[in-house]
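Read-outs: derived from the displayed coordinates by stated rules, not from any lab. Owing to the predicted nature of the structure, the values given are computational and were not obtained by experimental measurement. As a convention, Cβ positions derive from the backbone with ideal geometry for all residues, glycine included, and neighbour counts pool all protein chains shown.
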Amino acid sequence: MAVIKVDKLAVSVAKGPSLMTGAYPNKPWDEVPAVFKPGNYAYPTKADKLEYLNSQQGVSFPNAREWSPEDDDWKLPENWKEIILQGLADRLDRFRSLKIFMDCCVRCGACADKCHFFLGTGDPKNMPVLRAELLRSVYRNDFTLAGKILGKLAGGREMTVGVLKEWFMYAYQCTECRRCSVFCPYGIDTAEITMMLRELLHLVGIGINWAMEPVANSNRTGNHMGLTPQAFKGNVDFLCDDVENLTGVRVNPTFNRKGAEVLFITPSADVFAEPGIFTCMGYLLLFEAIGLDYTWSTYASEGGNFGLFTSNEMMKKLNGKMYAEAKRLGVKWILGGECGHMWRVIHQYMDTMNGPTDFLEVPKSPITGTVFDNAKSTKMVHISEFTADLIKNGKIKFDKSRNAHVLPTFHDSCNPARAMGLLDEPRYILDHVVDKWYEMPENTIRERTFCCGSGTALNTDEIMELRMRSGLPRANAVKYVHEKHGVNTLSCVCAIDRATLSTLMSYWVPEVEVAGLSELVGNALVIEGEQRQDLTEGLRTLV
Amino acid sequence: MNTYSELAEILAAKQKQILDIWTERTLGTYSAPGFFKKSLDPFANPVGVQIRSGLAALFELLRDQAEPAAFVGPLDQVIRIRAVQDFTASQAVVPFLELKWVVKEVLAQELQRRLLADQLNEFECAVERMALVGFDLYCQCREQLYRNRIQELKSGRARFTDGGCPSRFLDAAARQEQMENMRK
Ligand code: SF4
Ligand code: SF4
């Protein structure tokens, strides 16, 4: 009998009829156009939001209009191509990193199979190297000598509407998680290339509502939700009542209080959405337990900064608000809650955008006396660093049995892990608040952690399938520790994660719940004078 | 239940070859499948490894003429992935049916024997039953996606947009717009 060759049969050289012949892709990647259909794109920015933003100082968001990615005509300005190429020229000039990233990739492929979008889709344009190539090919064509002479032969591509559509598709299938950059021998950061693609697209009015509406809200009222100061305070007050019912401890946080030692800033999702509110109860209890002199702000009422996913100017403006508020209130330093990308903005961009912050002091814990030298320039300390220091100095007491209902693992959120190196503090805290917890496999944690798949404003429901497939590598590792060790809780230190991982789990590993680390701290914390009921589910218990 | 025991023996003998081709053809449905086929690290390559091991488990169940309930786990392992990828419903489930084709190609000579040809009918029926369960699971996965969307809308996670200040709800135009968006 003739031996049947695997590879031959795979490309359908069927003798008999096969049902599967239509299922195979048959074109090289650069000949496959981006096709938009329901489920594979996030809704574009609403015209009124864009108009509002464009009217604001220091930022520019032109070409507000109603349009749909599914339409052939995207209603671009007539000179759109000129705008894009000029925009690219400006940025090559302004950002040396961009120029280097455009020039120095050797196409070694080390990054290719490291992106969760590629791993979930098998789509070659989701390989980081090709994602960058979408911009690089235009750069070659118009900005390098070889490209100008040889064009396509030198890997150049002309800027066309088709290319622009491809940019929109793949700049919004990248969560700017930076996993690929960990593996690149040249340190090329594809996240920054995505940032540039998104900026360029905004020049001609292409963006997504899930990014721009929170940005508009933050600019207007100080937080993503557009909560007014009264509503924001009201939500925190509700949580204080819940805390009292559960633990018998009355906490009385202050708002906009001048002269407080510390300003506390956290993502607004912590004050209104499950499961973030349980994390928020954890903060409230912790600060009460140690008698911290702190204040909330109803203006800097958002840690998140969707400007990072929008444009440099927008990011700067939203970040500036936090420091302006710290200055206005006259606090000594800022304590930041469990947020992901807030920390990336703080650690990588804040100083050059809005620094120096010489009106603040180098953060010093009033409880332990520890000086946080690592935060010398930003004056902002992460809640996990702060808590770990309290534990190390024996300033707080825990009863681990109060966390008997959880068997956690820990998800390193992309930004705290890769953009600020916060790897060990959360683990140290976990060691002290639960009896036992398990790590996920090595190549899925710490610097090499997999993204939730819904970062950078991709946490919107209309692209649910996309989010589920890009979150698969993360979920797959959770599933493994769930099956092997019975893990039932995915703990993390990021507000977007808390929301999106909950959804991700309900699709892939429904037995696992998501909890913020400070929730687990709050569960186990022993406070003088408390009268805790028997809380079988910790701060989530319904009483 | 020994409806295709002779065929089952031959299936066992040719297991590796059949599985190789079946996996190759299934992973071949992705645009850039090289890595999916090559990497055997279950955490670096979840799609490739989960599909590979899911298909292997299904094949063994068919070979052993297992009870229908036993198929659900490995079917789910494969279809839960394909249900959220860029496939039509038929493209998502077609790999299950494709096994019939693979078996006929690999066993072309053996199947010339009358007895085996008869048993092949039974085997194919089992494959089709399996594929139908796979289709049910596909539908469940899709329903779960929509439940996820509703859950997010209800939980307040979705209130990043058009929510927030309660006064918005007094705004009839905004409400209208919201309804339209929901219908989209
Ligand atoms: S930054 Fe993350 S999402 Fe973007 S290409 Fe790299 S690995 Fe993929
Ligand atoms: S790892 Fe770096 S140099 Fe290699 S292909 Fe990717 S971006 Fe280019």
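Post the alpha-carbon centroid distance, the range A:69-131 to the range A:257-335, in whole angstrom.
Result: 33 Å between the Cα centres.
Enter the mean number of other protein chain beta carbons within 10 Å of the beta carbon of each residue in A:122-132, as an integer. Let's see the in-between values first.
Numbers: counts 13, 5, 5, 2, 2, 2, 0, 0, 1, 0, 0.
That average works out to 3.
B:Gln17 to B:Ser155: extension gain in nm, 0.36 nm per residue of separation minus the Cα-Cα distance?
On the way: separation 138, 0.36 × 138 = 49.68 nm, distance 4.95 nm.
Result: 44.7 nm gained on full extension.
Under the rule of at least 5 residues apart or a separate chain, name every residue whose amide H is placed under 5 Å from the amide H of A:Gly207.
Distant-sequence amide H within range of A:Gly207: A:Thr45.
Which Cys residues of chain A have no other Cys Cβ less than 4.7 Å away and so no disulfide-compatible partner by this rule?
A:Cys104, A:Cys105, A:Cys108, A:Cys115, A:Cys174, A:Cys184, A:Cys240, A:Cys280, A:Cys339, A:Cys452, A:Cys492, A:Cys494
Quote the charge dipole size of the protein assembly as shown about the Cα centre in Debye, to the nearest 20; the model charges only the Cβ of Lys and Arg (+1) and of Asp and Glu (-1). The partial results should precede the final answer.
On the way: 84 positive and 90 negative charges, 266 e Å.
That gives the protein assembly as shown a dipole magnitude of about 1280 debye.
Taking each pair of different alpha-carbon atoms in the range A:298-428 once, compute 1/r for the pair, average those values, and report the inverse of that mean as the Kirkwood hydrodynamic radius in Å to one decimal.
Working: mean 1/r = 0.0628 Å⁻¹.
One decimal place: 15.9 Å for the Kirkwood radius.
Take every DSSP beta bridge whose two residues both sit in the protein assembly as shown, then give the antiparallel share in percent to the nearest 5.
Working: 4 of 23 bridges.
Here the antiparallel bridges make up roughly 15 percent for the protein assembly as shown.
With the Cα gyration tensor of the range A:456-540 giving a ≥ b ≥ c as the square roots of its eigenvalues, does the rule (a/c under 1.5 for rounded; else a/b larger than b/c for prolate; else oblate) give rounded, prolate or oblate?
Working: a/c = 2.93, a/b = 1.82, b/c = 1.61.
It is prolate, given that a/c is not under 1.5 and a/b is the larger ratio.
Please report, for the Cα atoms of chain A, the Rg to one decimal and the Dmax as a whole number; what are they, in angstrom?
Values for chain A (Cα only, Rg and Dmax): 24.5, 88 Å.
Work out how much length A:Asp241 to A:Ala324 would gain on full extension: take 0.36 nm times their residue separation and subtract the Cα-Cα distance, in nm to one decimal.
Working: separation 83, 0.36 × 83 = 29.88 nm, distance 3.06 nm.
Here the segment from A:Asp241 to A:Ala324 would lengthen by 26.8 nm.
With θ taken as phi - 60° and the coefficients 6.51, -1.76 and 1.60, list the Karplus ³J(HN,Hα) couplings across the range A:477-488 in order, rounded to whole Hz; mark glycine and proline as x.
Those phi angles translate into 6, 5, 4, 4, 6, 5, 6, 7, 10, x, 4, 10 Hz.
From a point 7 Å beyond the Cα of A:Lys392 in the direction of its Cβ, which residues of the range A:426-461 have a backbone N at a distance under 16 Å?
A:426-432
Determine the distance separating the Cα centre of the range B:11-82 from the Cα centre of the range A:187-224; give it in Å without decimals.
Their Cα centres are 40 Å away from one another.
Taking only the C-alpha atoms, wrap a convex hull around the range B:1-144 and report its volume per residue in Å³ as a whole number.
Values: hull volume 15.0 nm³, N = 144.
Expressed per residue, the convex hull around the Cα atoms of the range B:1-144 is 104 Å³.
Using the structure shown, select from A:Lys37/A:Lys148; A:Lys258/A:Lys392; A:Lys392/A:Lys479; A:Lys46/A:Lys114; A:Lys364/A:Lys395; A:Lys99/A:Lys148 the pairs with a Cα to Cα distance greater than 24 angstrom.
Values: A:Lys37/A:Lys148 35 Å; A:Lys258/A:Lys392 30 Å; A:Lys392/A:Lys479 32 Å; A:Lys46/A:Lys114 34 Å; A:Lys364/A:Lys395 15 Å; A:Lys99/A:Lys148 17 Å.
Result: A:Lys37/A:Lys148; A:Lys258/A:Lys392; A:Lys392/A:Lys479; A:Lys46/A:Lys114 exceed 24 Å.
Report the label-to-label distance for A:Glu261 and B:Ala70 in nanometres (one decimal), using points 7 Å from each Cα along the Cα→Cβ vector.
Here the modelled spin labels are 6.6 nm apart.
Return the aspartates and glutamates within reach of A:Lys152: Cα separation strictly under 14 angstrom, same-chain partners fewer than 8 residues apart disregarded; answer none if there are no such residues.
Within the straight-line limit of under 14 Å, A:Lys152 reaches these aspartates and glutamates: A:Asp30, A:Glu31, A:Glu133, A:Asp142.
Only four residue types carry charge here, +1 at the Cβ of Lys and Arg and -1 at the Cβ of Asp and Glu. Report the dipole size of the range A:213-540 about the Cα centre in Debye, rounded to the nearest 20. Before the final figure, lay out the partial values.
Numbers: 33 positive and 41 negative charges, 150 e Å.
Once rounded to the nearest 20, the dipole reads 720 debye.
Explain nothing, just compute: Karplus ³J(HN,Hα) = 6.51 cos²θ - 1.76 cosθ + 1.60, θ = phi - 60°, for every residue of the range B:70-78 in order, whole Hz, x for Gly and Pro.
Per residue, the Karplus-derived 3J(HN,Hα) values read 5, 6, 4, x, x, 4, 4, 4, 7 Hz.
Starting from the coordinates of the alpha-carbon atoms of the range A:31-207, obtain the Kirkwood hydrodynamic radius over all distinct pairs and give the value in Å to one decimal. Present the calculation step by step, with values, prior to reporting the outcome.
On the way: mean 1/r = 0.0592 Å⁻¹.
Result for the range A:31-207 stands at 16.9 Å.
Count neighbours as other Cβ atoms within 10 Å of each site's Cβ, and list the trypsin sites (Lys or Arg not before Pro) in the range A:211-310 that are DSSP loop with at most 14 such neighbours.
On the way: sites: A:Arg220, A:Lys233, A:Arg250, A:Arg257, A:Lys258; in loops: A:Arg250, A:Arg257, A:Lys258.
Counting only loop positions with at most 14 other Cβ atoms within 10 Å, the trypsin sites (Lys or Arg not before Pro) in the range A:211-310 are A:Arg250, A:Lys258.
Report, by chain and number, residues whose modeled amide H sits under 5 Å from the one on A:Glu513, excluding near sequence neighbours (fewer than 5 apart, same chain).
Hits under the 5 Å cutoff: A:Thr489, A:Leu490.
For B:143-153, what's the mean count of beta carbons from other chains sitting within 10 Å of each residue's beta carbon? Show your work: numbers first, answer last.
Numbers: counts 0, 6, 8, 2, 4, 10, 6, 1, 4, 10, 1.
Rounded to a whole number, the mean comes out at 5.
State, as an integer percentage, the relative contact order of chain A based on alpha-carbon contacts under 8 Å between residues 6 or more apart.
Numbers: 953 pairs, mean separation 84.4, N = 543.
After rounding, I find 16 percent.
Counting other C-beta atoms within 10 Å, and keeping those with at most 15, which DSSP coil trypsin sites (Lys or Arg not before Pro) do you find in the range A:352-391?
Values: sites: A:Lys364, A:Lys376, A:Lys379; in loops: A:Lys376, A:Lys379.
Filter output for the range A:352-391: A:Lys376.
Can you list the residues, at least 5 places off or on another chain, whose amide H is less than 5 Å from the amide H of A:Phe255, using H built in the peptide plane?
Under 5 Å from the amide H of A:Phe255: A:Trp296.
How about the range A:130-196: which chymotrypsin sites (Phe, Trp or Tyr not before Pro) there are in a DSSP loop, with at most 15 other Cβ atoms within 10 Å of their Cβ? Please list the in-between numbers first.
Numbers: sites: A:Tyr139, A:Phe143, A:Trp167, A:Phe168, A:Tyr170, A:Tyr172, A:Phe183, A:Tyr186; in loops: A:Tyr172, A:Tyr186.
Of the chymotrypsin sites (Phe, Trp or Tyr not before Pro), the ones in loops of the range A:130-196 whose Cβ has at most 15 other Cβ atoms within 10 Å are A:Tyr186.
I need the calculated FRET efficiency for the pair A:Ser97 and A:Ile149, taking r as the beta carbon distance and R₀ as 35 Å, to the nearest 0.05.
About 0.85, to the nearest 0.05.
What's the center-to-center distance, using Cα atoms, between the range A:15-63 and the range A:479-522 in Å?
30 Å
Between A:Ser60 and B:Cys125, how many nm apart are label points set 7 Å from Cα along the C-beta direction?
That separation, rounded to one decimal, is 7.3 nm.
As an exercise, use a Förster radius of 30 Å and the Cβ-Cβ distance of B:Ala117 and A:Thr21 to find the FRET efficiency, rounded to the nearest 0.05.
Working: r = 24 Å, r/R0 = 0.82.
Once rounded, the FRET efficiency stands at 0.75.
Spelling out what I want: for every residue of the range A:283-300, take phi, set θ = phi - 60°, compute 6.51 cos²θ - 1.76 cosθ + 1.60 (Karplus), and round to whole Hz; glycine and proline get x.
Computed from phi, the couplings for the range A:283-300 are 4, 4, 5, 4, 5, 5, 4, 9, x, 5, 8, 9, 9, 8, 10, 8, 9, 8 Hz.
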